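Note sheet for the following structure.
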Amino acid sequence: MMYFLLIRKISPYTAPDILLGAFTSEQATQDARNSYLDRYRPTDKKTTTNGWLAQIFPWLRCQPETAPNGDPWHKQAYKSDGLTEEDLIIQTCDMEGDPTFNEVSIVSCYYDTMGQIFREIDSIHPNRLVAEQRMKEIETIAENAPATDHMPPNHFSTQTIRINEIHSDAPEQQPIR
């Protein structure tokens, strides 16, 4: 079965990308994406306080100083503040088998290079046990990789999430921070 993964891109100098959810249809993923965008859409304080001046002179508008509606990723290193549509991507991933208890487990590899952390989704599995087996396979491959190959991952994680629901984006609930 094909799943659509909703991922929030994060500056690699701040944290790895965040998995927001696994969805069974492209439409459900788009709906979740729009909902997430609406949740953190910034409000323009200058437009409401300056009225017609801000409409004529757009440079008078400014983004709020604080995270809109509690966006924990509003400020990131080497990236403009706030959430943009380009920050939310949809990635497809195939899975064999049926999910357990309406949940799937996603295996991710993390690469820590010169102060940047990159996340790569490796695979999606019907339960945590199968995902942990895959994670052990990746660890073995990484340990035995010849020095001439590309850099192996530094970290691995398994993340179990409910299908067709937006998962928490809170920093303390991410597998690697």
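The values are calculated or read from the model by the stated rules, or taken from the named source; none is laboratory data. Computed from a predicted model, the values in this text were never measured in an experiment. Neighbour counts are summed over all protein chains in view; Cβ atoms, including those assigned to glycine, are modelled from backbone coordinates with ideal geometry.
A few remarks follow.
- Only one of the numbered conditions (1) farther than 22 Å from PRO72 by Cα; (2) assigned to a strand (DSSP E or B); (3) without any contact (Cβ under 8 Å) to a residue 40 or more places away in the chain is not met by CYS109, and that is (3).
- The residues of the range 149-172 that are under 23 Å from the mean Cα position of the chain (by Cα) and of a type in the set (Asp, Glu), listed by number, are GLU165, ASP169, GLU172.
- PRO146 over 14 Å from the mean Cα position of the chain (by Cα), part of a loop (DSSP other than H, G, I, E, B) and within 18 Å of ALA15 (Cα to Cα): no
- Residue among LYS79, LYS46 that alone is among the charged types (D, E, K, R), surrounded by 16 or more Cβ atoms within 10 Å (Cβ to Cβ) and at pLDDT 85 or above: LYS79
- Scan of the range 82-108 for residues that are crowded, with 16+ Cβ neighbours inside 10 Å and among the small types (Gly, Ala, Ser), ordered by number: GLY82, SER105, SER108
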